[in-house]
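**Student:** Please read through the structure below; I'll follow up with questions.
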Amino acid sequence: MPEWLPGWMFHFAQWLDQTSFGHVMRESLYLFPVVETLHVFGIVSLVTAAFLLDLRLFGVGPMRGMPVDRVARWILPWVVAGFTVQLVTGILMFSAEATRSAVNSFFWYKMFMILGVGINALIFHFTVYKQVGKWNNARMAPIGARIYGVLSIVMWLGIITLGRWFSFHLT
Ligand code: HEM
């Protein structure tokens, strides 16, 4: 067990590996690949929707002519659906390989970056987006919104990269 991993997390992961649920996920020939494919579909829904808003904030992309609040409302169900798929499929895959995932630092970098993307969205929502009425139709959003957009794009790309690296470095 790596020294940075809390003991309770290590024991929880070991327990999860031994549950009948973990066994089924691990031993079925089709279950894991099907769930992993759904995980990739979830990324498409989530990240495409997030990028459409991020690009709109810079006055580019296919929705550049739309008011920002309309874009935000349009993407919301895709983000929620995509994130739900990610959470469910991610937990299913984790339960198949819980201990070796938990001791892999890339897994935790990815989880912290998911948390970061959520915090970035909350800050945007409760600060600059509160005033959206003032800049709704402006081609280029205010600097605060653009900082949110850049962080969002960078972090989503980071999460995908870390997800792939984590898969690749699973031992
Ligand atoms: C929220 C956005 C997320 C994104 C963008 C994302 C991205 C990725 C990517 C790109 C991969 C590699 C897929 C492949 O190699 O075929 C992956 C795999 C994986 N992800 Fe996620 N993920 C997300 C959320 C989660 C969550 C919430 C969990 C767990 C609670 C999770 C657990 C896993 C696991 C266990 C794997 C499989 C590793 C393997 O055996 O190959 N992911 N993810």
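**Student:** Going by the structure shown, is residue 100 basic (Lys, Arg), out of contact with any Pro (no Cβ under 7 Å at 6 or more places or on another chain) and near the ligand (Cβ under 9 Å from one of its atoms)? Lay out the reasoning, then the answer.
**Tutor:** Values: basic (Lys, Arg): yes; out of contact with any Pro (no Cβ under 7 Å at 6 or more places or on another chain): yes; near the ligand (Cβ under 9 Å from one of its atoms): yes.
It is true that residue 100 is basic (Lys, Arg), out of contact with any Pro (no Cβ under 7 Å at 6 or more places or on another chain) and near the ligand (Cβ under 9 Å from one of its atoms).
**Student:** Show the residue pairs that are 6+ apart or on different chains and have beta-carbon atoms under 7 Å apart, the first residue being within the range 150-171 and modelled with pLDDT of 95 or more, the second being not in a helix (DSSP H, G or I).
**Tutor:** 166/104
**Student:** Of all residues in the range 131-171 being under 20 Å from residue 76 (Cβ atoms) and within 17 Å of the chain's Cα centre (by Cα), which is surrounded by the fewest Cβ atoms within 10 Å (Cβ to Cβ)?
**Tutor:** Result: 153.
**Student:** Is it the case that residue 128 is touching a Lys or Arg at 6+ places or on another chain (Cβ under 6 Å), farther than 30 Å from residue 15 by Cα, crowded, with 19+ Cβ neighbours inside 10 Å and not basic (Lys, Arg)?
**Tutor:** No.
**Student:** While we're looking at this one, here's another question. Name the single residue that is nearest to the ligand (Cβ to nearest atom) among those in the range 124-171 being of a type in the set (Gly, Ala, Ser) and closer than 17 Å to residue 67 by Cβ.
**Tutor:** Filtering the range 124-171 down to residues of a type in the set (Gly, Ala, Ser) leaves 133, 138, 141, 144-145, 149, 152, 158, 163, 167.
Applying the additional criterion that residues be closer than 17 Å to residue 67 by Cβ yields 133, 138, 141, 145, 149.
Details: 133: 30, 138: 30, 141: 24, 145: 22, 149: 17 Å.
That would be 149.
**Student:** Right, next: Of 56, 73, which residue is crowded, with 16+ Cβ neighbours inside 10 Å, more than 15 Å from the ligand (Cβ to nearest atom) and basic (Lys, Arg)?
**Tutor:** Values: 73 fails: crowded, with 16+ Cβ neighbours inside 10 Å.
Just one listed residue meets the conditions, 56.
**Student:** Please indicate, with yes or no, whether at least one residue in the range 115-123 is away from the ligand (no atom under 14 Å from the Cβ) and either touching a residue at least 60 places away in the same chain (Cβ under 8 Å) or not acidic (Asp, Glu) (or both). Give the derivation first.
**Tutor:** To start, the set of residues in the range 115-123 that are away from the ligand (no atom under 14 Å from the Cβ) comprises 122-123.
With the extra rule that they be either touching a residue at least 60 places away in the same chain (Cβ under 8 Å) or not acidic (Asp, Glu) (or both), the set shrinks to 122-123.
Scanning the range 115-123 turns up at least one residue that is away from the ligand (no atom under 14 Å from the Cβ) and either touching a residue at least 60 places away in the same chain (Cβ under 8 Å) or not acidic (Asp, Glu) (or both).
**Student:** Do we have any residue at all in the range 35-51 that's within 12 Å of the ligand (Cβ to nearest atom), over 21 Å from residue 158 (Cα atoms) and of a type outside the set (S, T, N, Q)?
**Tutor:** yes
**Student:** For the range 25-53, how many residues are among the small types (Gly, Ala, Ser), surrounded by 15 or more Cβ atoms within 10 Å (Cβ to Cβ) and under 14 Å from residue 93 (Cβ atoms)? I'd like the intermediate steps shown before the answer.
**Tutor:** In the first step, residues of the range 25-53 are kept if they are among the small types (Gly, Ala, Ser); the result is 28, 42, 45, 49-50.
Filter once more, so that each one left must be surrounded by 15 or more Cβ atoms within 10 Å (Cβ to Cβ): 42, 45, 49-50.
Cutting the leftovers down to under 14 Å from residue 93 (Cβ atoms) gives us 42.
Residues meeting the conditions: 1.
The values are calculated or read from the model by the stated rules, or taken from the named source; none is laboratory data. Just so it is clear, the model here is predicted, and its values are computed rather than measured. Because the Cβ atoms are built from the backbone with ideal geometry, glycine has one as well, and the counts that use them run over all protein chains shown.
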